[in-house]
Amino acid sequence: MQTGTKPLLFVDIDGVLSLFGFAPDAVPEHGRWLQVDGILHFLSEDAAGHLHDLADLYDHVWCSGWKDRANDHLPHLLGLGPYPYLDFGASPGHWKLAAVRAYARDRPCAWIDDDVNDAVRDWARGRSQPTLVVETRPATGLTAELAARLRAWGEGVAARP
């Protein structure tokens, strides 16, 4: 059970930390190819650094199909975690939304993912607590600009009375 006072940051992995879809001659500079459970991933060291930098403002939660496997691999590969993780069941509108809604309850939260749809955006707009949805491009993931947006938003939430 989560009890923190910082806003939650729901973190997808594929398309945020594990990049894909870039041209073969445009491999990102700061990262490395690694096999995770027999699948080749390009893990972004830049995106990992941004998540490290946001840890003072947010309680991170893995929000990925990797589920508990994120904690099996990412603490060793990128120094991230272990963090709580979501387990997904049936969810109308978006396959992750019911789990995010249940975990977030009445806490402010941000959600960074490369797969966002109108159901997620509508949920975020309709919440009584501050909520930010940040959509990444899978080829670039969590960039410095997106991390700055998360930082500014998190600082604004922290400054609320």
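Values in this text are rule-based calculations from the coordinates and carry no lab data. As the structure is a computational prediction, the values presented were derived from the model and not from experiment. So basically every Cβ, Gly included, is an ideal-geometry build from the backbone, and we count neighbours across all protein chains shown.
For GLY126, the shell of other residues with beta-carbons less than 15 Å away shows a net charge of +2, using +1 for Lys and Arg and -1 for Asp and Glu.
Remark: C-alpha extents of region 8-158 on the principal axes read 44, 33, 28 Å, sorted largest to smallest.
Each other residue within a Cβ distance under 11 Å of PHE20 adds +1 if Lys or Arg and -1 if Asp or Glu, for a net charge of -1.
Using the Cβ atoms and a cut-off under 10 Å, what net charge is assigned to the surroundings of ASP59, where Lys and Arg are +1 and Asp and Glu are -1? Around ASP59, the surrounding residues sum to +2.
At what distance in angstrom do the alpha carbon centres of region 1-58 and region 102-119 lie from each other? A separation of 17 Å, based on Cα centres.
Summarising the strand pairing of the chain, around 35 percent of its internal DSSP beta bridges are antiparallel. Annotation for LYS67 and SER128: the two label points, set 7 Å from Cα along the Cα-Cβ direction, are 3.2 nm apart. Over the chain, Cα pairs under 8 Å with separation of 6+ residues give a relative contact order of 32 percent.
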